[in-house]
Amino acid sequence: MGGELLRENFQLQGRNFDKAGEISSEIKVILKELGIAAACLRRAVIVAFEAEMNVVMYADRGTVTLVLTDKAINLEVKDEGPGIPDIDLAMQEGYSTASDEMREMGFGFGMGLSNMKKNSDEFCIESEVGKGTSVFARILLDSHA
Amino acid sequence: MPELKHGFKIDTAKCDGRMHCMRTCPTHAIRVKNGKAHLIPELCIDCGSCLGVCPSKAISATTISLAELDRFKFKVAVASPALYTQFGLNDTPAHVGRALLDLGFDAVWEYAADIELVDRAITDCVKKWPGPFPLISDSCPVIIRLIQVAYPSMIENIIPIEVPREIAGREVKRRFSQELGLRPEEIAAIYITPCQAKSISILQPAEESKSYLDGAVGISEIYNDVLYRLRKDTRKLKSDTQEGLMDSGELFHWGNPEGEFPNLSREHYLPLTGLTDIIKVFNDIERGRLTNIEFLECHACRGGCNGGNLTVENLYVARSKDLRLKAKMPQPPPEFENEVARRYASEDFSLRGPVKPRSMAKDVVDLRERVMRRKRAEEILRGLPLLNCGLCGAPSCKDHADDVASARTEISDCVFLSKARIDQLRKVYKKGPRASRG
């Protein structure tokens, strides 16, 4: 998928709700400064934000890696968390295991994973219960210009 | 793209290079090199923050003066609701309207009707909108420019409805050319504006169409003349013969240039004022939040248009006047309601052209080069003091690093990296004792 132009790593802290969204904001700033087309930028930021929220809500810690090539924005998210027992179920719109407390804070409406998939051109997710989850999303640069 | 015009100019002769404008600019669009401020036009969103802070009074709004209107045969004032909040508690909109006529306008437009029309168009649009949410109001030109420059991914959230002042301009031309047998270009539709941003949006609309209005006169420009006439015995004004036009200001939903949207549900409609707060909310929207909000009404000036930088009265006093006018607002007469209904059925309120992200100078190089520049800028930033002292002429070390990486300036402009720079600054800023210091 073209030559790698840029790679940035970010650390995520689980259950740190007041800082939630900071990493996706940083990713947004980087992509915006690079003049990425508006529609791609929007999709990438939504994917990054949902991924970040999932880690913050469920995991102990995680990482986001942004890899930019001439052709695509790639986001790799890995966490150390409870894992997802049934991925097909979790991918359904509206399915959520968020606690009442999380919902009261405005999170966990069960749109996260499906929203990430909807906003990516390639999407894959792997999970092992008790260990963690990893997500890969690719947003093509020219497909939504 | 045509050359970008802006709502103010920097008078280089007056500029003392004191950097107040550079430090206050929310989009970091100003640099001060060799003791003189200059603008990066692509970054400027016409918010006017620089206008008020210049200690040398070197920055002025490019509105037009009344004298420039003489070339028109018939001059119509379309007055922002903010105008009526600028005078004493007992000065009614009718009095202010009279003063405008005495000032040389041939008519004062009943602008409340256009505001009401756009109100309805917006309410309809919000109800039928398939997404993305939230929709964002377009009446404040600074907000549109902010989105073009800093939030390009939110362009689709801008409500595709024309602003009331343009709807008014169109109807002014149509009505009076019909009634008076004049050509539309012989009729001037002049907006009485609370800010220079609306003046620039008339000169160069963001959606790249042509404005129906012929210019904007700042409230501060006519304030003294209007006040003088209000304090004279108003019964003796020659304009008293034109009673039919008198009450044009009575029916505004005061303060909000786009009305109050009584038909939108409270919890899904959010009014926002002040650039700092708006930027915070926009950051949230860009992360895909706030999708349960249907409509954001945004005004860059704190307190809305009553706080515009070409207003004269203190915002809070203006607001109290505003509340008084609202409390006294009469029930609209049936003729008003009928006229609104008639026009709503027959006019098109959609925004005429699409708003596009503003193309930046950096778009001319390819992505690979842009990534290289970013890496260079990061490298350069590591060698800078991160004090944001501004002595290099850029508002922050990061801006200086970006400027150097794009070869717009020399890294040695940083005083921490070059002794010669201090000597040079000393020369530029060494002046005789001055009469006044801000």
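Where a number appears in this text, it was derived from the coordinates with a stated rule and is not lab data. For clarity, every value in this text was computed on a predicted model and none was experimentally measured. Here Cβ is always computed from backbone atoms with ideal geometry, including for glycine, and neighbour counts include all displayed protein chains.
Taking the protein assembly as shown, how much of its Cα-Cα pair set, in percent, is spaced more than 42 angstrom apart?
For the protein assembly as shown, the fraction of Cα-Cα distances above 42 Å is 33 percent.
Using a cut-off of 18 Å between alpha-carbon atoms, which aspartates and glutamates can reach B:K356, once sequence neighbours fewer than 8 places away in the same chain are excluded?
A:E33, A:D142, B:E3, B:E42, B:D46, B:D138, B:E156, B:E162, B:E207, B:E208, B:E286
If R₀ is 45 angstrom, what is the calculated FRET efficiency for the pair A:S114 and B:L323, using the beta carbon separation as r and rounding to 0.05?
Using R0 = 45 Å, I get an efficiency of 0.45.
Students often get this wrong, so check it: of B:K36/B:K398; B:K5/B:K427; B:K5/B:K398, which have C-alpha atoms separated by over 24 Å?
The pairs that break the limit, which is 24 Å between Cα atoms, are B:K5/B:K427; B:K5/B:K398.
Find the centroid of the Cα atoms in region B:143-198 and in region B:360-412, then give the distance between the two in whole Å.
That distance is 38 Å.
Please give the residues of region A:3-46, grouped as numeric ranges, whose backbone N is less than 13 Å from a label point set 7 Å along the Cα-to-Cβ vector of A:F136.
The answer is none, because no backbone nitrogen lies closer than 13 Å to the label point.
Please compute the Kirkwood hydrodynamic radius of region B:1-56 from all pairs of different C-alpha atoms, in Å with one decimal.
With all distinct Cα pairs of region B:1-56 included, I get 11.4 Å.
For B:G218, enumerate residues with amide H under 5 Å from its amide H, sequence gap 5+ or separate chain, H modeled in the peptide plane.
B:I64, B:T193
At q = 0.15 Å⁻¹, what log₁₀ I(q)/I(0) does region B:6-93 have when each alpha carbon counts as one equal point scatterer in the Debye sum?
-0.72
Whose amide H sits under 5 Å from the amide H of A:L5, counting only residues 5 or more places off or on another chain, with H placed in the peptide plane?
Result for A:L5 returns A:L68, A:T69, A:D70.
Compute the angle between helix B:164-180 and the longest alpha-carbon principal axis of chain B, please, reported from 0 to 90 degrees and rounded to the nearest 10.
40 degrees
Starting from the coordinates of the alpha-carbon atoms of region B:124-223, obtain the Kirkwood hydrodynamic radius over all distinct pairs and give the value in Å to one decimal.
15.0 Å
Could you work out how far helix A:38-58 tilts from the main Cα principal axis of chain A, as a 0 to 90 degree angle to the nearest 10?
The two axes meet at around 30 degrees.
Hey, which of these cross-link pairs are over 30 Å Cα-Cα: B:K210/B:K328; A:K78/B:K280; A:K78/B:K128; A:K32/A:K118; B:K280/B:K375; B:K9/B:K375?
B:K210/B:K328; A:K78/B:K128; B:K9/B:K375
Would you grab the residues whose amide H sits under 5 Å from the one on B:C140? Only those 5+ places off in sequence or on another chain, please, with H modelled 1.01 Å from N.
Placed amide hydrogens put nothing under 5 Å from B:C140.
Rg(Cα) of region B:66-346 divided by 2.2 N^0.38 Å?
Scaled against compact globular proteins, the figure is 0.99.
In whole Å, what are the extents of region B:362-438 along the principal axes defined by its C-alpha atoms, from largest to smallest?
So the extents along the principal axes, rounded to whole Å, are 52, 24, 18.
What are the ³J(HN,Hα) values, in whole Hz, obtained from phi via the Karplus relation 6.51 cos²θ - 1.76 cosθ + 1.60 with θ = phi - 60°, for each residue of region B:201-211 in sequence order, with x given for Gly and Pro?
5, 7, 5, 8, x, 4, 8, 6, 10, 9, 6
Please compute the contact order of chain B in relative form: average sequence separation of alpha-carbon pairs under 8 Å and at least six residues apart, divided by the residue count, as a percent.
That works out to 21 percent.
For chain A, would you read off the P(r) tail past 21 Å as a percentage of all alpha carbon pairs?
39 percent
Using label points projected 7 Å from each Cα along Cα→Cβ, tell me how many nm separate B:L290 and A:V129, to one decimal.
The modelled label-to-label distance comes out at 4.1 nm.
How many partner chain Cβ atoms sit within 10 Å of a residue's Cβ in peptide A:35-46, on average, as a whole number?
Per residue, the average neighbour count from other chains is 5.
By how many degrees, 0 to 90 and rounded to 10, does the Cα axis of helix A:22-33 deviate from the longest principal axis of chain A?
10 degrees
Simple spin-label model, 7 Å along Cα-to-Cβ: B:K128 to B:S65 in nm?
Distance between the two pseudo-spin positions: 4.7 nm.
For the protein assembly as shown, give me the percentage of DSSP beta bridges that are antiparallel, rounded to the nearest 5 percent.
Approximately 65 percent, going by the DSSP bridge assignments.
So for the pair B:L387, B:H28, with labels modelled 7 Å out along Cα→Cβ, what separation do we get in nm?
Roughly 1.9 nm, to one decimal.
With chain A treated as a Gaussian network of Cα nodes joined by springs under 10 Å, which of A:A48, A:A59, A:A98 yields the largest mean-square fluctuation?
A:A98
For chain B, modelled as a Gaussian network with Cα springs under 10 Å, which listed residue fluctuates most, B:P93, B:P354, B:P26?
B:P354
Per-residue ellipticity at 222 nm for chain B, helices alone: DSSP H runs ≥ 4 residues times -39500 (n - 2.57), over residue total, nearest 500 deg cm²/dmol?
-11000 deg cm²/dmol, from helical runs alone.
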